[in-house]
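Right, one structure below, let's go through it.
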Amino acid sequence: MTVDLLYMELHTDEWFLGTYYTFSEQDLEVIHKRRREENLLGFAVQLAVLRYPGWSYTHLKSIPKTVIQYIAQQINVPATVIHSYGQRENTLWDDLKEIRKVYGYKEFTNREYRQLSKHLTPLALENGETMFLLNACIEFLRQNKIIS
């Protein structure tokens, strides 16, 4: 399995779904500000995958049906409407912009690059193993809500 597939794979077991893709009341209020079913579900999926595994919706090649169904159940829309989400590209970017604003996600800029480098340098001196550093990098970005 390649590194990109390893870190972009979404787990579908019950524990992962419940732990990473269950929305709070506040989340549901934000999600339900959308009018159309496909936008409700698309926004919710985009929020969920940003939280875990930490990738933006546009970077994922596919999202398992079980993940979409689990999210759709929570907001009472059919899972099939996801195919209509994002037909207008601005919708994807507008939703991502709102998620950044509401939930405090930051873009990966030079400032974040320096923070990440400062975090990884001592770790690299202790353990130069690629997978260790990749895990540390992804965890740092996830914890600090840094996205591209």
_In segment 32-126, the chymotrypsin sites (Phe, Trp or Tyr not before Pro) that fall in loop regions by DSSP, at most 14 other Cβ within 10 Å_ = 108
_Over the chain, with a Gaussian network built from C-alpha contacts below 10 Å, which listed residue (60, 41, 96) shows the highest mean-square fluctuation?_
60
*Which three lengths, in whole Å and largest first, does the chain cover when its Cα atoms are put on their principal axes?*
50, 31, 28
*Extension gain (nm, one decimal) between residue 51 and residue 16, 0.36 nm per residue minus Cα-Cα*: 11.4 nm
*Divide by every residue of the chain the summed helix terms, -39500 (n - 2.57) for each DSSP H run of at least 4, and state the resulting mean residue ellipticity at 222 nm, rounded to the nearest 500 deg cm²/dmol.*
-19000 deg cm²/dmol
*Over segment 1-144, relative contact order from alpha-carbon pairs under 8 Å, at least 6 apart, %*: 24
*How far apart, in nm, are two points set 7 Å out from the Cα along the Cα-to-Cβ line at residue 25 and at residue 137?*
4.1
*Roughly speaking, what is the centre-to-centre gap between segment 11-44 and segment 72-148 when only Cα atoms are used, to the nearest Å?*
16
_Listed residues 133, 102, 85: farthest to the positive end of the dipole of the chain (Cβ charges)_ = 102
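Taken together, the values in this text are just the output of simple stated rules run on the coordinates, not laboratory data. Quantities reported herein were computed from a predicted structural model and do not represent experimental measurements. All Cβ positions, even for glycine, are placed from backbone atoms using ideal geometry, and neighbour counts span all protein chains on display.
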